[in-house]
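*Asks:* Pasting a structure here, questions to come.
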Amino acid sequence: MRIISALTALGLAVAAVAAPPPPVDEAIARRVRADVEFLASDRLEGRDTGSRGHAIAADYVAGQFRAIGLEPAGDKGSWYQQVPFRRASFDKPPRLTLTIGGKPVVLEQGKDASLRPSVTAKQIRRSAGLVFVGYGLKDTRFGFDDYRGLDVRGKIVVALDGTPTGLPSDIAAHLKSTKDEMAAAAGAVGFVGIGGRGGRAGEADPVQRASRPRIDWVDSAGRAGTTPPGLELIISFSREWAARLFEGAPKSLAAVRAAVKGKGRPRGFALTPTIAVEADAKWEDFTSPEVIGLLRGSDPVLAAEHVVLMGHLDHLGIKPNAKLGEDAIYNGALDNAAGVATMLEAARLFAAQPARPKRSILFIANTGEERGLLGASYYANHPTVTASSIVGLVDLDMPLLLYPFTDVTAFGADHSTIGATVAEAGSSMNVAMSPDPMPEEAIFVRSDHYMFVKRGIPAVLLMTGHANGGKAKWKDFLESTYHSVNDDLTQPIDWQAGGRYAVLNYRIARAMADAPQRPMWLTNDYFGDLYDVNGPRRPAGTPRRP
Ligand SMILES: [Zn+2]
């Protein structure tokens with residue numbers, strides 16, 4: 001799991017405590033344990049994207065896929081899709097010259113402002129004007145068009161962070177994360193986000209952070225994962241310089257901010273400064289694999305459709321600058337050796353059944369999740385099966401196998417019929433489905449499955465729930481263990497819970513694969529209407545089976 005705040009452990013109400021579910025076959029729990037123990041061992045060195053440890057883990061998963069009887073479904077008949085990654089950095093700081101009130105001022109990279117190293121433009125020699133675009137939002141459903149009447153072609157847009165209040169949290173988070181795409185679509189060449197609230201405690205200064213090396217995928221056509229086409233100049237400014245961008249404008253930044261309270265949406269206007277950039281980035285290219293196994297469906301028609309079960313195999317690697325003797329390995333036992341292990345066991349449970357599922361199932365172990373959902377993003381944009389054949393997806397990320405869970409949450413359950421499928425599969429084994437306990441965190445748009453949502457595919461992220469002691473375990477894990485070296489095998493892992501989670505994953509995928517109808521977005525769903533305009537729909541609340 002990526003970027004979750006420890007603050008959110010203080011969740012809301014949870015489902016009533018159910019009777020503990022019956023135990024699963026000890027052999028199932030044992031196999032989950034064996035996989036977690038291998039994947040989270042020190043010898044895999046934290047499975048960082050592009051590292052040897054991750055490559056060994058990927059080979060292990062491919063070997064398990066082979067043993068289970070899956071077919072390789074990566075590139076060229078292999079188990080792998082090698083994702084072409086690029087790390088961009090600056091050896092020599094770029095030169096940023098702001099002309100303000102007719103006078104050129106050279107800004108200090110990393111202090112006054114930061115140009116983000118680009119994975120698509122190695123050498124930049126460009127100057128551009130600036131246009132303030134309010135929140136920088138364009139959205140038909142909510143009637144936002146902050147670009148109306150503004151010509152931003154060839155310009156750098158300057159947008160306030162955030163959104164107007166009153167939006168559902170996942171939609172607000174989605175809009176925030178796609179502002180750069182909206183700017184590129186309007187013809188801008190650069191993007192400046194103006195922060196207001198500052199980072200969370202413990203986070204680096206955004207200006208410092210922006211100048212760090214960054215990783216993205218870049219495909220053979222030159223398209224990048226997280227840089228919209230043409231948007232070369234992503235710049236952060238310090239508070240002081242952000243305010244000075246508004247010198248000579250119809251309104252100061254302070255006046256703009258004062259007018260933006262609650263639902264207020266400032267109108268944009270052209271700014272008077274211009275900025276000239278001279279930058280030479282350094283690029284290092286490397287690959288890291290997605291691992292993909294296929295269980296072919298049995299139905300002559302439905303087998304052409306694919307249900308995806310996936311989890312990320314990568315984690316954070318080794319702590320830089322660790323002291324001698326200090327534990328420096330981010331083992332990622334629960335994040336996400338546990339998700340991959342339960343996915344593997346779900347695949348074994350499929351293979352053990354006399355009848356294959358009607359639809360085909362793709363099992364994917366993602367890379368690059370901790371670096372920005374990059375492996376899933378690459379796969380979603382370059383699927384190894386026909387894109388339109390992927391009809392639904394369940395993402396397994398960081399199941400907390402530290403207590404006998406009696407409920408699960410499916411983030412995204414409110415958007416598609418997969419929510420009802422998860423609820424049914426859970427009730428068949430006495431596991432309840434609880435609503436999102438932390439809607440303010442907008443988890444739906446913050447893990448790998450979101451990259452498939454953006455390709456129009458109904459998807460959920462599954463997690464163990466807050467009932468039966470889960471709430472306290474989550475709070476404690478997020479505060480003391482999450483993304484630290486403590487997420488290792490010394491935790492008191494409940495292997496029975498691991499086995500039960502694997503069985504649940506199997507039942508969910510089985511139901512999605514065997515149902516008469518494919519998973520569907522609910523009628524009028526925001527994400528369905530945005531990304532899958534012509535796809536089938538199902539009214540909310542209708543039973544899944546006819
Ligand atoms: Zn993580």
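*Asks:* Which lysines does K251 reach when only Cα atoms under 30 Å apart count, and residues fewer than 8 places away in its own chain are ignored?
*Replies:* K103, K111, K138, K155, K176, K179, K261, K263
*Asks:* Follow-up. Could you please report the charge total around V485, scoring K, R as +1 and D, E as -1 over all other residues with beta-carbon less than 11 angstrom from its beta-carbon? Show your work: numbers first, answer last.
*Replies:* Details: positive: K319; negative: D42, E326, D327, D487, D488.
Around V485, the charge tally is -4.
*Asks:* Within the range 91-280, what whole-number % of the accessible surface is contributed by carbon and sulfur, with the 1.4 Å probe and all protein chains included in the calculation? Please report the intermediate quantities before stating the final value.
*Replies:* Numbers: 4470 of 9050 Å².
The value for the range 91-280 is 49 percent carbon and sulfur by accessible area.
*Asks:* Expressed as cubic angstrom per residue, what is the convex hull volume of the alpha carbon set of the chain? Walk me through the intermediate numbers first.
*Replies:* Details: hull volume 81.5 nm³, N = 546.
Per residue, the Cα convex hull of the chain comes to 149 Å³.
*Asks:* Between the alpha-carbon centers of the range 278-311 and the range 210-228, tell me the distance in whole angstrom.
*Replies:* Centre-to-centre distance over Cα atoms comes out at 18 Å.
*Asks:* What are the semi-axes of the equivalent ellipsoid of the range 91-280, taken as the square roots of 5 times the eigenvalues of the Cα gyration tensor, listed largest first and rounded to whole Å?
*Replies:* Numbers: eigenvalues 115, 84, 57 Å².
After scaling each eigenvalue by five and taking roots: 24, 20, 17 Å.
*Asks:* Over the range 91-280, average the accessible area per residue using a 1.4 Å probe and give it in Å², no decimals. Write out the running numbers ahead of the final one.
*Replies:* On the way: 9050 Å² over 190 residues.
Accessible area per residue: 48 Å².
*Asks:* Place +1 on the Cβ of every Lys and Arg and -1 on the Cβ of every Asp and Glu in the range 91-280, take the dipole about the Cα centre, and give the residue among S236, L150, A224 whose Cα lies farthest towards its positive end.
*Replies:* About the Cα centre, the residue reaching furthest to the positive side is L150.
*Asks:* Also, I was wondering about something else. Based on Cβ point charges of +1 for Lys and Arg and -1 for Asp and Glu, what charge dipole magnitude is obtained for the range 91-280 about its Cα centre, in debye rounded to the nearest 20? Walk me through the numbers on the way to the answer.
*Replies:* Values: 29 positive and 20 negative charges, 84 e Å.
Rounded to the nearest 20 debye, it is 400 debye.
*Asks:* Can you compute 3J(HN,Hα) from phi for each residue in the range 317-328, using the Karplus curve 6.51 cos²θ - 1.76 cosθ + 1.60 with θ = phi - 60°, rounded to whole Hz and x for Gly and Pro?
*Replies:* Per residue, the Karplus-derived 3J(HN,Hα) values read x, 10, 5, x, 6, 6, 6, 4, x, 7, 5, 10 Hz.
*Asks:* Using the Cα centre as the reference, give the magnitude of the dipole from point charges on the C-beta atoms of the chain (Lys, Arg: +1; Asp, Glu: -1; all else neutral), rounded to the nearest 20 debye.
*Replies:* Details: 63 positive and 60 negative charges, 288 e Å.
Approximately 1380 debye in magnitude.
*Asks:* Calculate the length of the line joining the C-alpha centroid of the range 353-425 to that of the range 238-275, in whole Å.
*Replies:* Computed from Cα coordinates, the inter-centre distance equals 42 Å.
*Asks:* Follow-up question, since we're still on this one. Accessible area per residue for the range 398-546 in Å², computed with a 1.4 Å probe and the full protein assembly in place, what is it? Let's see the in-between values first.
*Replies:* Working: 4960 Å² over 149 residues.
Using a 1.4 Å probe on heavy atoms only, each residue of the range 398-546 averages 33 Å².
*Asks:* When ranked by the protection proxy of mean other Cβ atoms within 10 Å per residue, highest first, what sequence do the peptides 484-491, 100-107 form? Intermediate values should be presented prior to the final figure.
*Replies:* Working: 484-491: 16.8, 100-107: 12.5.
Those peptides, ordered most packed to least, come out 484-491, 100-107.
*Asks:* Could you give me the ³J(HN,Hα) list for the range 42-57, computed from phi with Karplus coefficients 6.51, -1.76, 1.60 and θ = phi - 60°, whole Hz, x at Gly and Pro?
*Replies:* Working through the residues one at a time gives 4, 5, 8, 6, x, 6, 5, 3, x, 8, 4, x, 5, 5, 5, 4 Hz.
*Asks:* Quote the charge dipole size of the range 250-345 about the Cα centre in Debye, to the nearest 20; the model charges only the Cβ of Lys and Arg (+1) and of Asp and Glu (-1).
*Replies:* Values: 10 positive and 12 negative charges, 243 e Å.
Roughly 1160 debye, rounded to the nearest 20.
*Asks:* Same structure, new question: Picking from M343, G332, F269, whose Cα lies most toward the positive end of the charge dipole for the chain (charges on Cβ: Lys, Arg +1; Asp, Glu -1)?
*Replies:* Selected residue: F269.
*Asks:* What whole number of Å gives the distance from the Cα centroid of the range 39-89 to the Cα centroid of the range 123-159?
*Replies:* The range 123-159 and the range 39-89 have Cα centres spaced 40 Å from each other.
*Asks:* Looking at the range 83-179, which trypsin sites (Lys or Arg not before Pro) are in a loop (DSSP not H, G, I, E or B) and have at most 14 other Cβ atoms within 10 Å?
*Replies:* Numbers: sites: R86, R87, R95, K111, K122, R125, R126, K138, R141, R148, R153, K155, K176, K179; in loops: K111, K122, R141, R148, R153, K155.
Taking the range 83-179 and a limit of 14 other Cβ atoms within 10 Å, the loop trypsin sites (Lys or Arg not before Pro) found are K111, K122, R141, R148, R153.
*Asks:* Follow-up question, since we're still on this one. Carbon-plus-sulfur fraction of the accessible area of the range 323-365, 1.4 Å probe, in percent? It would help to have the intermediate numbers written out before the result.
*Replies:* Numbers: 760 of 1310 Å².
Carbon with sulfur: 58 percent of the solvent-accessible area.
*Asks:* Also, quick follow-up: Using amide H atoms built 1.01 Å from N in the peptide plane, name the residues 5+ places from G297, or on other chains, whose amide H lies under 5 Å from its own.
*Replies:* Here the answer is S360, I361, since their amide H atoms fall under 5 Å of that of G297.
*Asks:* Per the helix-only calculation at 222 nm, which mean residue ellipticity applies to the chain, given -39500 (n - 2.57) for every DSSP H run of n ≥ 4 and division by its residues, nearest 500 deg cm²/dmol? Each step should come with its number before you reach the end.
*Replies:* Values: 14 runs with 140 residues, N = 546.
Computed ellipticity for the chain at 222 nm equals -7500 deg cm²/dmol.
The values are calculated or read from the model by the stated rules, or taken from the named source; none is laboratory data. What you see is a predicted model; the values in this text were computed from it and never measured. Please note: Cβ atoms are built from the backbone with ideal geometry, for glycine as well, and neighbour counts cover all protein chains shown. The area values use the complete protein model at the heavy-atom level, side chains included, leaving out ligands, DNA and RNA. Shrake-Rupley method; radii C 1.70, N 1.55, O 1.52, S 1.80 Å.
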